[in-house]
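This report refers to the structure that appears directly beneath it.
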Amino acid sequence: MNPAALPAALACLLLACLACADARAAEAALQLEIDSRQRDLWLVDGARRKPLKLSRITDVDGTLERRALLADSGPGEPRYLLIEVDIASRADRTQGRCGAGTETDLVWLALDAALQVRKHDAYRIASCLQSIEPGERVAAADGSLRVSLLRPGRDGEPDREVTVRYDAADPGQGLQVHDRLR
């Protein structure tokens with residue numbers, strides 16, 4: 001629709017409504033910030049800031065290097081998030097095996113209206129310390145995600161093919177992990 005083709009008052013009203021809708025969408029967007037120590041995340045929802053405390057709810061513990069909010073079901077209760085975090089493999093980034101390595105985890109959260117974590121799950125999808133070979137990664141526009149990986153067997157054990165899925169159409173299911181022998 002071309003606002004210039006409308007009467008001035010109607011065009012002004014339409015543009016004001018669109019601006020209001022954009023402002024509400026911006027307010028509804030949750031942000032993730034890495035804390036100043038690079039050990040945890042802050043959930044930022046408008047003027048509210050809530051520490052996440054990842055190390056208390058998952059095995060994610062170390063220096064955070066990157067975070068990405070992959071899916072957010074939006075305001076409401078519960079509110080579901082899918083987050084991807086990169087953590088330093090070793091505290092001393094310059095020493096030994098994987099000194100400059102990274103561990104990558106998918107983290108699923110169910111939050112209440114006060115942004116308190118009510119349910120959670122995490123799965124490591126890439127690692128320098130563990131034997132994980134990356135496979136296909138398919139991300140959909142709605143936030144759904146499928147990650148395939150291979151966990152090579154050791155000492156005569158068979159390899160394992162793993163698929164981790166998140167369905168944004170049914171976010172309450174959390175992370176669905178399918179593990180099968182190769």
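Let me know the shape class of region 38-167, please: from the alpha-carbon gyration tensor, a ≥ b ≥ c as square roots of the eigenvalues, rounded when a/c is under 1.5, otherwise prolate if a/b is greater than b/c, or oblate. In terms of gyration-tensor shape, oblate.
Shape descriptor for region 25-90: Rg over Rh equals 0.97 (Cα atoms; Rh from the Kirkwood inverse mean 1/r). A DSSP coil position with no more than 10 other Cβ atoms inside 10 Å describes the following trypsin sites (Lys or Arg not before Pro) in region 38-97: Arg97.
Using the average count of surrounding beta-carbon atoms within 10 Å as a protection proxy, the listed peptides 31-37, 83-89 rank, highest first, as 83-89, 31-37. Placing +1 on the Cβ of every Lys and Arg and -1 on the Cβ of every Asp and Glu, with no other charges, gives region 81-135 a dipole of roughly 140 debye about its Cα centre.
Rolling a 1.4 angstrom probe over the protein heavy atoms with all chains in place gives region 142-182 an accessible area of 60 Å² per residue.
For region 45-92, the per residue solvent-accessible surface stands at 51 Å², with DNA, RNA and ligands left out and a 1.4 Å probe.
The values are calculated or read from the model by the stated rules, or taken from the named source; none is laboratory data. Treat the numbers as computed from the prediction; the structure is a model and nothing was measured. Glycine gets a Cβ as well: all are built from the backbone with ideal geometry, and neighbour counts include every protein chain shown. Each accessible area value is taken on the protein alone, full model and side chains, heavy atoms only, with ligands, DNA and RNA left out. Shrake-Rupley method; radii C 1.70, N 1.55, O 1.52, S 1.80 Å.
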